[in-house]
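To keep things clear, I will list the structure first and then write my remarks on it.
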Amino acid sequence: MPLIALLAGCAGTAPEAAPDATPGDRPAAGAAAWAEAPRPAALDEVRVIAEVYRTRIDPSRGGIQLTVRNEGDAPLALAAARLTSPLLAAEPVRDDRALIPAGGARDLPLTLPAAVCPADAAEATKPEPPEAVLAVPLADGSTAELRVPTTDRLGQWADWFADACLAEAVADAAQLRVRVPSGTSAAGGTVEVELVASPRRAAGGAGAGGVELRLVSVAGTVLLGPLDADGRAATSIPLDRLLEPQSEQVVTLRFTPNRCDAHAIADDKQGTLFRVEVALGDRAGIVTVAADAPTKDAIYAAITAACAADG
């Protein structure tokens, strides 16, 4: 039975209207251009604005973008950049060189570490955005660190932190995983996936501190459209399952393929991420259950078989 990783914070995705990239998201400048860029004599000559946001695919890879906008009159060379916050278990670092033209911007992709969640769950919904630390080469050959507060451009930092802390609390209460049941067929062009919820022994099945965990619903994915109990297309699959102490719950989920073209599977990044709506005491939200490699392969095979059966 494959284990599935519970991803923290994948529910805080960018709205559909948000761009996948900004004009500043361009390939890094060549070594010669970076080396020849003018260097400021001191940090007080540098004028930048920093923002954080997430592209459409950042949640699936645990990433975040640091956008640095150069408000100065000359190109700005950066030797490295990182984010720092007491809410992060480590500082995400980007240590390659970047060159930002005057009046331009660059998106610097970073990988988010684990969140440091407060004891009071309410505080997880009001986090301050991180501080950017930029390594700026100076004219005398030294490198100085410029600290810049960031703006949470689309509210995604706050969403990520709240979702990450909810996911951590849910993981303390139960292990959630998915699997493809053995011996299933693609009859009728459908795909079956099982959601398995195993209460943690220490929590007695009720969650940390005796708080009840309820599985509310499961959404579809890029590749899988949810079906209701009558086999009709639905927006989500209702669950309404309360975890009982020492009692594993297995729920069969039925989907229809959203895509049958081969390149959709070959290029897939989010098709095997299952977003589960949960309620933990008075907290509610989405946690994402991600299939491991063997289960992903089984899901892709099931989609291919369902597409063939339906064709």
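Cut-off 17 Å, label point 7 angstrom out along Cα-to-Cβ of Thr143: give me the residues of region 42-60 whose amide nitrogen falls inside. The answer is 42-43, whose backbone nitrogens lie closer than 17 Å to the label point. Projected label points at Val251 and Glu192, each 7 Å from Cα along the beta carbon direction, are separated by 1.7 nanometres.
In this structure the amide hydrogen of Ala80, modeled in the peptide plane, comes within under 5 Å of the amide hydrogens of Ala135, none closer than 5 places in sequence on its chain. Of interest is the spacing of the C-alpha centroids, which for region 220-254 and region 71-134 amounts to 37 Å. The accessible surface of the chain, taken with every protein chain in place and a 1.4 Å probe, is 51 percent carbon and sulfur.
For the chain, the per residue solvent-accessible surface stands at 46 Å², with DNA, RNA and ligands left out and a 1.4 Å probe. Would you please name the GluC sites (Glu not before Pro) within region 98-170 that are DSSP coil residues with at most 16 other C-beta atoms within 10 Å of their C-beta? Sites meeting the loop and neighbour criteria: none at all. Each residue of region 46-58 was assigned a 3J(HN,Hα) from its phi angle through the Karplus curve 6.51 cos²θ - 1.76 cosθ + 1.60 (θ = phi - 60°); the sequence is 8, 10, 9, 10, 10, 9, 10, 7, 10, 6, 4, 9, 4 Hz, with glycine and proline shown as x.
Taking amide H as placed 1.01 Å from N in the peptide plane, the amide H of Leu239 sits under 5 Å from that of Ser217, Val218, each at least 5 places away or on another chain.
If you look at the Cα atoms of region 229-311, you get an Rg and a Dmax of 15.2, 46 Å. Specify the residue with the greatest mean-square fluctuation among Ala301, Ala158, Ala81, computed from a Gaussian network of the chain linking alpha-carbon atoms under 10 Å apart. Maximum fluctuation in the GNM of the chain, among the listed residues, is at Ala301.
A protection proxy built from the mean count of other Cβ atoms within 10 Å ranks the segments 227-236, 277-286, most packed first, as 277-286, 227-236.
Once the Cβ-Cβ distance of Ala233 and Ala171 is raised to the sixth power relative to R0 = 22 Å, the FRET efficiency obtained is 0.10. Mean sequence separation of contacting Cα pairs (under 8 Å, at least six apart), scaled by the length of the chain, corresponds to a relative contact order of 20 percent. Report summary: the helix-based calculation at 222 nm, which adds -39500 (n - 2.57) for every DSSP H run with n ≥ 4 and divides by the residues of the chain, gives -5000 deg cm²/dmol.
Calculated FRET efficiency, Val216 to Leu88, Cβ-Cβ distance, R0 = 22 Å: about 0.15 to the nearest 0.05. Relative to the longest principal axis of the Cα atoms of the chain, helix 156-173 runs at roughly 40 degrees.
Take the Cβ atoms of Asp292 and Leu43, set R0 to 51 Å, and the FRET efficiency comes out at 0.65.
The values are calculated or read from the model by the stated rules, or taken from the named source; none is laboratory data. If you're wondering where the values come from, they're calculated on a predicted model, not measured in any experiment. Note: ideal-geometry Cβ built from the backbone for every residue, glycine included; neighbour counts use all protein chains shown. Heads up: the accessible areas ignore ligands, DNA and RNA and are worked out on the full protein's heavy atoms, side chains in. Shrake-Rupley method; radii C 1.70, N 1.55, O 1.52, S 1.80 Å.
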